[in-house]
Amino acid sequence: MDFKGKDIISIKDFSKIEIDDILIYAEKMLPYAKGEKYKDILSGKVLSSLFFEPSTRTRLSFESAMNRLGGRVIGFADPSGTSQKKGESLADTIRMADSFSDAIVVRHPQEGAARLAAEFANGPVLNAGDGAGQHPTQCLLDLFTIKTEKKKIEKNNIILLGDLKYGRTVHSLAYALSIYGVELTFVSPTSLKMPKEVINECMELGVEPTQTSSLEKAIKDADVLYATRIQKERFPDAEEYNKVVGSYRINNELLKNAKENLIVMHPLPRVSEIDSEVDSTPHAVYFKQAFNGVPIRMALLSLVLGEKKI
Amino acid sequence: MKKQLKVPGFKKKDLKIPRIKDGTVIDHITPGYAVKVLHILGIPRSNSSSVVSVAMNVNSKMGKKDIVKVENRELKSNEVDKISLICPKATINIIRDYDVVKKFKVKLPDEIIGIVSCSNPTCVSNAKEPVKTRFKVINKDPLRIKCYYCEREPEDIADRII
Ligand SMILES: [Zn+2]
């Protein structure tokens, strides 16, 4: 599969074979991501890292990925002081960055910003999140985490928990998991249920998701529990919010009923969805999941820059 | 014998619509949409001297309709197809020397560029960027379009004409 020059905008732009290729290559990156091995396959390459809104985890893992392969990074971590603040269009900023570097990572508060950026750049553009839109590298690192922890993605019983209505990244994940043929259970408060279009997409791929609001029942058969953040602003008042968040808190009490090898995932940052007492249990993989952003992004950067040399 | 095509909108009872010698008649426009149709088609062009006549709420066998006549200009299929967004039943009549020489229905293109604005206020296509709005037609009947940028589907398409 030739990824040279390819933009990474939405997970839906990729076939299962292509996703498999990326995941296999990311696995080879693991010792390099941990710093156990070093090969400067991206030496001489420059990455523009343009964060029009802050996202520390994503930005640092992209920068680590580029540095671990011997490449260099230019850019900004938030837009204050940039020419965009002075009214420059995204298109112009992209044209400039494109001429200064070999690839561009862009994070932007507006949906579709990465797709637009790709139109104005000759080099590859990697979407690091566009508002409530797509976040394909997150989706890939989630798949990678399930694959490395569970040895395979197929046939796992996976719970997606939390705000399933507004969380677009969880929509992409539901779609991507359906490509692999898993058992999906959606657990959310009634007001934050998975939209019908997403459920239809899963069904078209042959997956019939179960929907429930009871986490206690769902957890017994689960292999993977993927929790997402429930945002306060989605609720009319604090009382309602506290009630919902309280009913979905993941703690050791809840996990007593779970399979021994259940893994708990979360894209982070967490607020109160997962109790810190879970951190020291073998269920907790969310920090590993965050680390997995590095090998996935190493794989993507070397692939789109046409340097598949590991 | 050459089939005589009937030129719409000039039977005796609606003589108020002038006959045209050469040009295009857009017929069966959804009533009330004639002005929107002109707007979408960019008619009249700023430097053009062609006469354009508009008739609204004209009675016909199929109920009320609007009609637009553009003199001395033959509109091509790919120019007019975009009006199918709001007038799926519109027909185009090309007139030469008072005769209809060609008649065709508008058909929906696969992509709608620069005609409809995205319903998502935080879509990048609604920001001040040098791009036209762009939608993929994902279903023709009922009409469903999806924003190329933010991947959302606006529902109130007729009200979103730019
Ligand atoms: Zn849009």
Seminar exercise, completed: If we take segment A:73-175, then helices (runs of 4 or more DSSP H) inside it with 2 or more residues that are more than 10 Å from every other protein chain (Cβ to nearest Cβ) are A:90-100, A:136-150
Problem set entry | Top-ranked residue in segment B:103-130 [being among the acidic types (Asp, Glu) and surrounded by fewer than 17 Cβ atoms within 10 Å (Cβ to Cβ); ranked as farthest from A:GLY112 (Cα to Cα)] | B:ASP110
Exercise. A:ARG68 versus (1) at pLDDT 95 or above; (2) more than 14 Å from chain B (Cβ to nearest Cβ); (3) under 17 Å from the mean Cα position of the chain (by Cα): which is the lone unmet condition?
Worked result: (3)
Exercise. Assuming A:ALA117 fulfils every condition listed in (1) at negative phi; (2) open to solvent by 20 Å² or more (accessible area, probe 1.4 Å) apart from one, which condition is it?
Worked result: (2)
Exercise. Mind checking whether some residue in segment A:96-103 is crowded, with 21+ Cβ neighbours inside 10 Å, at pLDDT 95 or above and touching a Pro at 6+ places or on another chain (Cβ under 7 Å)?
Worked result: yes
Exercise. Any idea which of A:GLU197, A:GLU154 is surrounded by fewer than 17 Cβ atoms within 10 Å (Cβ to Cβ) and closer than 25 Å to A:GLN231 by Cα?
Worked result: A:GLU197
Exercise. For segment B:32-51, does any single residue satisfy the condition of being farther than 23 Å from B:ARG160 by Cβ, in contact with an Asp or Glu (Cβ under 9 Å, 6 or more places away or on another chain), in a strand (DSSP E or B) and open to solvent by less than 90 Å² (accessible area, probe 1.4 Å)?
Worked result: no
Problem set entry | Residue match in segment B:131-141 (condition: more than 16 Å from the ligand (Cβ to nearest atom), within 14 Å of chain A (Cβ to nearest Cβ) and open to solvent by 40 Å² or more (accessible area, probe 1.4 Å)) | yes
For this session: Identify, from the list B:ILE157, B:ILE94, the residue that is more than 14 Å from chain A (Cβ to nearest Cβ), touching a residue at least 60 places away in the same chain (Cβ under 8 Å), open to solvent by less than 70 Å² (accessible area, probe 1.4 Å) and within 16 Å of the ligand (Cβ to nearest atom).
Result: B:ILE157
Seminar exercise, completed: For segment A:105-114 the number of residues that are within 16 Å of the ligand (Cβ to nearest atom) and surrounded by 24 or more Cβ atoms within 10 Å (Cβ to Cβ) is 6
Problem set entry | Test: residue in segment B:56-72 that is assigned to a strand (DSSP E or B), closer than 29 Å to A:ALA121 by Cα and open to solvent by less than 20 Å² (accessible area, probe 1.4 Å) | no
Exercise. How many residues are within 26 Å of A:LYS288 (Cβ to Cβ) and either polar (S, T, N, Q) or not assigned by TED's automatic domain parsing to the domain that holds A:LEU60 (or both) when one looks only at segment A:107-132?
Worked result: 1
For this session: Residues being open to solvent by less than 20 Å² (accessible area, probe 1.4 Å), modelled with pLDDT of 90 or more and out of contact with any helix residue (DSSP H, G or I) (no Cβ under 8 Å at 6 or more places or on another chain): count how many of those fall in segment A:219-274.
Result: 2
Problem set entry | Matching entry among B:VAL70, B:VAL116 (being closer than 30 Å to B:ASP22 by Cα and either within 14 Å of chain A (Cβ to nearest Cβ) or in contact (Cβ under 8 Å) with a residue 40 or more places away in the chain (or both)) | B:VAL70
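The values are calculated or read from the model by the stated rules, or taken from the named source; none is laboratory data. Everything quoted here is computed from the prediction, not taken from an experiment. Every residue, glycine as well, gets a Cβ built from its backbone with ideal geometry; the counts of neighbours run over all protein chains shown. Just the protein is used for accessible areas: all its heavy atoms, side chains included, with ligands, DNA and RNA removed. Shrake-Rupley method; radii C 1.70, N 1.55, O 1.52, S 1.80 Å.
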